[in-house]
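Take a look at the structure below.
The values are calculated or read from the model by the stated rules, or taken from the named source; none is laboratory data. None of these values were measured; they are calculated from a predicted model. Every residue, glycine as well, gets a Cβ built from its backbone with ideal geometry; the counts of neighbours run over all protein chains shown.
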Amino acid sequence: MSAVTTPARQATGGVNIKTINRIVIYGLLALFALFYLMPLFVMLVTSFKTMDEIQNGNMLALPKAPTFDPWLKAWGETCVGLTCAGIKGYFWNSIKMVVPAVLISTMLGALNGYVLTKWRFRGATLVFGLMLFACFIPFQSVLLPMATILGSVGRFGVTLQNSIGTNFGLGNSTVNLVFVHVVYGIGFTTLFFRNYYEAFPTELVKAAQVDGASFFQIFRRIMLPNSMPIFVVTVIYQFTNIWNDFLFASAYAGTGDAMPMTVALNNVVNTSTGVVEYNVNMAAAMIAALPTLLVYVLAGRYFVRGLMAGAVKG
Amino acid sequence: MAFLEIDGLRKRFGQVEILKGIDLDLEKGGFLVLVGPSGCGKSTLLNTIAGLETITSGEIRVDGRTINDLHPSKRDIAMVFQSYALYPNMTVAGNISFGMEMRGVPAAERQKAIDKVAKVLQIGHLLQRKPSQLSGGQRQRVAMGRALVRDPKLFLFDEPLSNLDAKLRVDMRIEIKRLHATTGTTIVYVTHDQIEAMTLATKIAVMRDGEVQQFGTPAEIYNNPTNLFVADFMGSPAMNLIPATIGTNGNALSVVLQREAREPILLPMANAPAGLSAFQGKPIIFGVRPEALTDPEGAERNASNIATADLHIEVVEPAGSDTFAVTNLGGKGVVARLRADANIQPGTVTPLAFNLTKAVFFDPATENRIR
């Protein structure tokens, strides 16, 4: 009899320990999640409060009379430095800089990955190793050399302007930032695409060659349509990085019309005149954070596996 | 002049020579199978014909035209890959017509060609599906459809059946054979499966280490292997290769086979190959296929040279269609193939007939055939 009952008792004991383990694990996870969500929560509720309520109330309390005014003020009226026209102009500055930078660096990364895996040449591994090295160069060490290069490019732009009447955007701060981010991003995007294409069946490329497709036709018709997962990963990574960049932005476009969102936000918060408008600052910070959130929510849906299913084997 | 001619083809990767001077030719409408163990260079050879690999020296001609340096798409070939290599982002119809699209064939004409091929391969109902929605056999058909639609001079198949399960593989093998018979196309086919090679080919090239060991019809390869490797590689179950010596029996030569704990067997040779007399008293390898070692009643009646010997049966394997009996000669397990209903028991001593007309002999030093 005992031989039969003992395992049964062990089994119920096992279930209890399992349940306790689950509770501990989920409890801890919930605690961490709460810890991370707290600042977001404070930002969000503060941005809907009036200044009176902020000065007299509890930081964690929900707004008693929710108001959109801080958001509207942040968007259209708040002072960035000496101009008081809100952050909307800088928001568009960032968009104008981020979208081309992300697309160009991602496409170049895809092309590099394609060449490094499917059109191997002598020294391909070395080239890839050197590009990988670019991922480990700290931002700060690039600042001065890059400033020198951008300065030269800018002078060349002025020369062009004087001689043929157009500078092709050379010397423009937005173009400069796009250039810097593309150069800095290529290492990462190449790494992503190269590793993805390494596992991409080479027989598909061979089949397309037999079918008569050219180098770029194979890239456009075979490689890219089957790269959705890594494309999305790269876009999210690049978008987040470039949008949130402050160092390059403040170094190469820290003043003037092309100033991106991150620098503008810093100038809003660091203003030294009058009362610190926490609600407006919080609203501005929320607006600055929204695009990266939006990109993740929209593109995250395409983080799906199995897009390659059916290409090879049974 | 043959349709496909390969002359002195060499391929080198750095210091390693992958293909060491290949000479092959194939008549129009022929079916050439390249067979060999993995790493023998058969797939590389196929890729050089396709133009997916460059060659170091030599020449490849199709229909009298040298194609060495042409781009794959200009060679008028079509290829079926081991993994099928269907484009996962396109429908079946898109996959089949991609090549025509690249060549700028008008849409109406493409549709006509798709319909024609779909009818031949019975994949009409699959045309709008994606490859991921197809079974293994259906993918195989689509891959063949993509090749067929081009109507090329030469078809290349790279182990097309190796990803299918056993039953489907036999079905598709028959289908490929039927396709070859009805369309009369010229095919080069790579496989490591010697049964596929035997059943499909009009010509077989057995390869090892970048060299063609033997090139001939399936019957030549099977019955007249030029060396030990070919004899061992082709045929299932494999040929019995028994260490033996040559003795004299009056005027005639005889094969002496050692047995465990008993006196050796002497098999008198009525019409020994001429080269064998030089090996008197020397060791040789005696090769006999399982079907040439059978029960005396089942032995071929019109064979001129049959010798019977009593053998100790160690294992009996009834395989349904045949019964295989394993005995020990010259220190090696030897398989005999008997009728399915042969009355044979393991552990007994049973007379078995050697069909010596079908026997072959090899020099153990050079591994070459003694003729």
Going residue by residue through the stretch A:189-204, is there one that turns out to be more than 30 Å from B:R75 (Cα to Cα) and surrounded by fewer than 18 Cβ atoms within 10 Å (Cβ to Cβ)? yes
Criterion: at the interface with chain A (Cβ under 8 Å from one of its Cβ atoms) and surrounded by fewer than 21 Cβ atoms within 10 Å (Cβ to Cβ) - qualifying residue of B:R110, B:R103: B:R103
Considering only residues that are at pLDDT 90 or above and of a type in the set (S, T, N, Q), look in the stretch A:160-192 and name the one that is nearest to A:V233 (Cα to Cα). A:T189
Of all residues being part of a helix (DSSP H, G or I) and among the hydroxyl-bearing types (S, T, Y) in the stretch A:77-103, which is farthest from A:T240 (Cα to Cα)? Just the residue, please. A:Y90
What helices (runs of 4 or more DSSP H) completely inside the stretch A:161-253 contain at least 2 residues that are of a type in the set (A, V, I, L, M) and free of Cβ contacts under 8 Å to residues at least 60 places away in the same chain? A:173-198, A:202-210
Only one of B:L70, B:L86 is under 13 Å from B:A143 (Cβ atoms), in a loop (DSSP other than H, G, I, E, B) and either of a type outside the set (S, T, Y) or facing chain A (nearest Cβ under 9 Å) (or both), namely B:L86
Within the stretch B:1-35, which residues are without any contact (Cβ under 8 Å) to a residue 24 or more places away in the chain, part of a strand (DSSP E or B) and not hydrophobic (A, V, I, L, M, F, W, C)? B:D25
Condition set within 19 Å of the chain's Cα centre (by Cα) and more than 9 Å from chain A (Cβ to nearest Cβ), scope the stretch B:133-158, selection surrounded by the fewest Cβ atoms within 10 Å (Cβ to Cβ): answer is B:F155
Please determine whether any residue of the stretch B:38-49 is surrounded by fewer than 19 Cβ atoms within 10 Å (Cβ to Cβ), within 14 Å of chain A (Cβ to nearest Cβ) and among the hydrophobic types (A, V, I, L, M, F, W, C). no
Among the residues of the stretch A:118-141, are any surrounded by 17 or more Cβ atoms within 10 Å (Cβ to Cβ), assigned by TED's automatic domain parsing to the domain that holds A:I242 and free of Cβ contacts under 8 Å to residues at least 60 places away in the same chain? no
Provide a single number: the residues in the stretch A:175-186 that are farther than 12 Å from A:L150 by Cβ and surrounded by fewer than 21 Cβ atoms within 10 Å (Cβ to Cβ). 1
Just one of A:T255, A:T262 is in the same structural domain as A:T190 (by TED's automatic domain parsing), modelled with pLDDT of 80 or more and out of contact with any Phe, Trp or Tyr (no Cβ under 6 Å at 6 or more places or on another chain); which is it? A:T255
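Okay, residues lined up against (1) buried (at least 18 other Cβ atoms within 10 Å of the Cβ); (2) at pLDDT 90 or above:
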{"site": "B:A307", "(1), (2)": "yes, no"}
{"site": "B:D310", "(1), (2)": "no, no"}
{"site": "B:T323", "(1), (2)": "yes, yes"}
{"site": "B:R337", "(1), (2)": "yes, yes"}
{"site": "B:A340", "(1), (2)": "no, no"}
{"site": "B:N368", "(1), (2)": "no, yes"}
Of (1) surrounded by fewer than 20 Cβ atoms within 10 Å (Cβ to Cβ); (2) within 13 Å of chain A (Cβ to nearest Cβ); (3) not polar (S, T, N, Q), B:V92 satisfies every one except (1)
